[in-house]
Every structure is written in C-alpha cells, then in structure tokens.
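Colleague: Got a structure for you, questions after.
The values are calculated or read from the model by the stated rules, or taken from the named source; none is laboratory data. Not measured: the values here are computed from a predicted model. Using ideal geometry, Cβ is built from the backbone for each residue, glycine included, and neighbour counts are taken over all protein chains shown. Note: accessible area is taken over every heavy atom of the protein model, side chains too, but ligands, DNA and RNA are not part of it. Shrake-Rupley method; radii C 1.70, N 1.55, O 1.52, S 1.80 Å.
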There are 2 protein chains.
Amino acid sequence: MQAKTDLFPPDLARLAEAAKALGHPARLAILQTLAERGACVCGEVVDELPLAQATVSQHLKALKAAGLVRGEVDGPRSCYCVDGTALRALADGLGGFLAPLLDALPPDDDADCC
Amino acid sequence: MQAKTDLFPPDLARLAEAAKALGHPARLAILQTLAERGACVCGEVVDELPLAQATVSQHLKALKAAGLVRGEVDGPRSCYCVDGTALRALADGLGGFLAPLLDALPPDDDADCC
DNA sequence: ATCGGTTATCGCAGATGTACGATATATTCT
DNA sequence: AGAATATATCGTACATCTGCGATAACCGAT
C-alpha cells in the first residue's frame, strides 16, 4: 500500500513520523544510553542492547532519519549523539498535540462517554 | 521475527507501545476528532478521514487496544471517546521519558557532539 | 601494504502494518 | 418479518519493520 500520509495535514504527518521513531523499545533505550553518556558514544550502544550489531545500526539509522540523533564519523568509529534541538521540538510537538486534547475533555469524570 | 520487546525494561516496552499507537497520522486525526466533538461520535469519524470505513475501524481498534480510546455499542451505532486518564498517563509517560534526556544534554549548545 | 578492529550495508526471512472490498452482524424502523 | 443503516470482521494484497549473518568499507596501527 502506498503510504497515505500525504492525505493528512503535514503537521500530523510529521508528528506521526516522530512518534513512530519512538515506537520501539530499542530506539528508546538507544536515546537513553546516548543521553546518559553525556555525549556521543559509538559502539558501546551495541553492548548496552540485547541485539546484534547490524540491528542496532539499523535502529540508529532510523533515529538519524527521524532527525533525533546526529552521527559523525570519528576515525575508525562512529559517533552518535542526541540532537537536543530536535528532541525539544519533538517534546513540544507532542505536548502541543496532547494538551489541547486533554483540555477539550470533560475536566473531571473519566467514567462514561456516551 | 519474534518481537524482542521482552528483552527490554517493561516501562520502555509500554511507552514504545503507546508511541506506536501515535505513529500514524490517521490515528492522530481520529484522536483529534474525538476530542473536538466533545464526547464520542461514531461513524462521523469515517467522514472526517480520507479512508475507507474498514480502514478507520481498524485504526479505532488499534487505539482501543492501546487503551487510548473507549468504545461502547450504542444501538445501531458505536460510540467512541478518548480515554482521558489513559491520554494523561501517556502524556506523563512521554514527559517522564523525554525530560531527563533533555536535562542530561548540554544545556546550551546544539552544535557539535564529538 | 597488511592486519585488526569498528561500523555500515546487503540479502534474507518472518512478522506486522496499511488499506480496501466484500461480507457478516446487529439494531432500528416500517 | 423484512428493509435499511451502521459497524465489525474476514480475506487479500502489498508495504514496511525487525532481526540477523555475512560481507563490504573504513581507518589506525604495525
């Protein structure tokens, strides 16, 4: 199927894209690891995860494609780090999406809907 | 492939699951529609989206499986509404995940990482 | 130039997601 | 009962994701 993502408002499409990047525990773990280590570590990420090197590389590629992570070639090894700006933008985007929804909801009850 | 989601901390797995539910523009649009209409509308969601009825029903099912939406059968039509508690929990979960990452980052610069 | 270590990419396989038409189901109305 | 409407599910087709081994590409050191 062709991705019908262009039939939706571009902001929704973008947000969905970013959410999809968070949609796998390995990628969440990668982000945590990169952030914990202060800056960018390379293949140590592989050691942190219960996945093969090839698989981790793919997840890193996905995060890079989503813009959440930047990678630089540093000699024989590669160097990844969280893109703070992008991560902040993502947090803002999610907040900007979710907050109005929560506001629009009945303030107190969560019991019945109909 | 078996989903290796059980090789990761359960909180990461749960958050990834929720993020995946937001990982499609149609589902974001559905959430918006349901929230806008105050409470629960049924097949009006189908009219709002550029998708076939069967496809919308599937997305609704996915949102229901993720716990973000509740559905009740109301006579000949079905009635969906956003689960405010679950949505708040999701917002908190995302915030709780992203905030520490942002804190751990170098506060100002977003230039280089290595 | 070659070796050794690190990372990216390829190719494959199985699973899951996306979308739709067709069909089943359920409920109201006549 | 039967028709009409609304929704869910089934079956299908294709796309994408996930994971891994194997291999290529790259770079520093010997």
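Colleague: Restricting attention to the range B:69-85, and to residues there that are open to solvent by 20 Å² or more (accessible area, probe 1.4 Å) and in contact with a strand residue (DSSP E or B) (Cβ under 9 Å, 6 or more places away or on another chain), which single residue is farthest from DNA strand D (Cβ to nearest atom)?
Modeller: The qualifying residue farthest from DNA strand D (Cβ to nearest atom) is B:D83.
Colleague: Next up: Looking at (1) more than 16 Å from B:L101 (Cβ to Cβ); (2) within 14 Å of DNA strand C (Cβ to nearest atom); (3) touching a residue at least 24 places away in the same chain (Cβ under 8 Å); (4) in a helix (DSSP H, G or I), find the lone condition where A:V45 falls short.
Modeller: With (1) more than 16 Å from B:L101 (Cβ to Cβ); (2) within 14 Å of DNA strand C (Cβ to nearest atom); (3) touching a residue at least 24 places away in the same chain (Cβ under 8 Å); (4) in a helix (DSSP H, G or I) applied to A:V45, the lone miss is (1).
Colleague: Let me ask another. Across the range A:93-105, what is the number of residues that are more than 7 Å from chain B (Cβ to nearest Cβ) and under 13 Å from the mean Cα position of the chain (by Cα)?
Modeller: The number of residues fulfilling the criteria is 1.
Colleague: Listed residues A:A52, A:A21, A:A66, A:A35; which is in contact (Cβ under 8 Å) with a residue 24 or more places away in the chain and either open to solvent by 70 Å² or more (accessible area, probe 1.4 Å) or more than 9 Å from chain B (Cβ to nearest Cβ) (or both)?
Modeller: Result: A:A66 is the single residue among A:A52, A:A21, A:A66, A:A35 that is in contact (Cβ under 8 Å) with a residue 24 or more places away in the chain and either open to solvent by 70 Å² or more (accessible area, probe 1.4 Å) or more than 9 Å from chain B (Cβ to nearest Cβ) (or both).
Colleague: Any residue that is at the interface with chain A (Cβ under 7 Å from one of its Cβ atoms), within 27 Å of A:L31 (Cβ to Cβ) and exposed (fewer than 15 other Cβ atoms within 10 Å of the Cβ) - is there at least one of those in the range B:1-16?
Modeller: Yes, some residue in the range B:1-16 is at the interface with chain A (Cβ under 7 Å from one of its Cβ atoms), within 27 Å of A:L31 (Cβ to Cβ) and exposed (fewer than 15 other Cβ atoms within 10 Å of the Cβ).
Colleague: So which residues in the range A:4-42 are near DNA strand C (Cβ under 9 Å from one of its atoms) and part of a helix (DSSP H, G or I)?
Modeller: A:K4, A:T5, A:L7, A:A16, A:K20
Colleague: Could you identify the single residue in B:R27, B:R37 that is over 12 Å from A:H24 (Cα atoms), modelled with pLDDT under 95 and within 18 Å of the chain's Cα centre (by Cα)?
Modeller: On inspection, the qualifying residue turns out to be B:R37.
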